[in-house]
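The values are calculated or read from the model by the stated rules, or taken from the named source; none is laboratory data. Every value quoted in this text rests on a predicted model; they were computed, and no experiment measured them. With ideal geometry, Cβ positions are generated from the backbone for all residues, glycine too; neighbour counts draw on all protein chains shown. To get the accessible areas, we keep the full protein, side chains included, count just its heavy atoms, and leave off ligands, DNA and RNA. Shrake-Rupley method; radii C 1.70, N 1.55, O 1.52, S 1.80 Å.
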Amino acid sequence: MEAANRGAQQAGAKTVGLNITLPHEQYPNPYVSPELCFSFHYFALRKMHFMMRAKALVAFPGGFGTLDELFETLTLIQTRKINPLPVVLVGEDYWRGVFNSDFLLEEGVIDIEDRDLFWFAETAEEIWHGIMSWYENNGESLFGDKNAADRSQY
């Protein structure tokens, strides 16, 4: 999240941080707008607030926390507990090493259409165009307003 917050701050945008209280670590990163920094005691409440507001999940290489967010999101979409949203895995080589959906399909623990719940991207442009295409193909607006067409060029 720090990279996203930093990039947004450098672009002059406000950034949101949903922080979790842990015993020996995890302070809000310095790029979160102070008025938009929220702290949670419980992981479940933090995750619920993420999912209520998420327009996409863009997962970069990471550890167990990243895997938790990714698999929770995919499970909620797969089981139709939340409305579908774009899920982008950045760095195909990394993600194929960590997460082998073909193996899961061969083992019969996911269905073939579950492999369509996400895609891989390598660049910011691929991520952005993929998300915009996902919303267009689903007849939805990423921005939820009439000005969405004006911003589709970004």
Review point. Can you tell me which residues in the range 111-126 are open to solvent by 80 Å² or more (accessible area, probe 1.4 Å) and of a type in the set (A, V, I, L, M, F, W, C)?
Key: I112
Practice item. Determine the pairs where a residue that is under 19 Å from T66 (Cα atoms), located within the range 93-114, has a partner that is open to solvent by 60 Å² or more (accessible area, probe 1.4 Å) and among the basic types (K, R) with Cβ atoms under 6 Å apart, the partner being 6 or more residues away or on another chain. Key: S101/R115
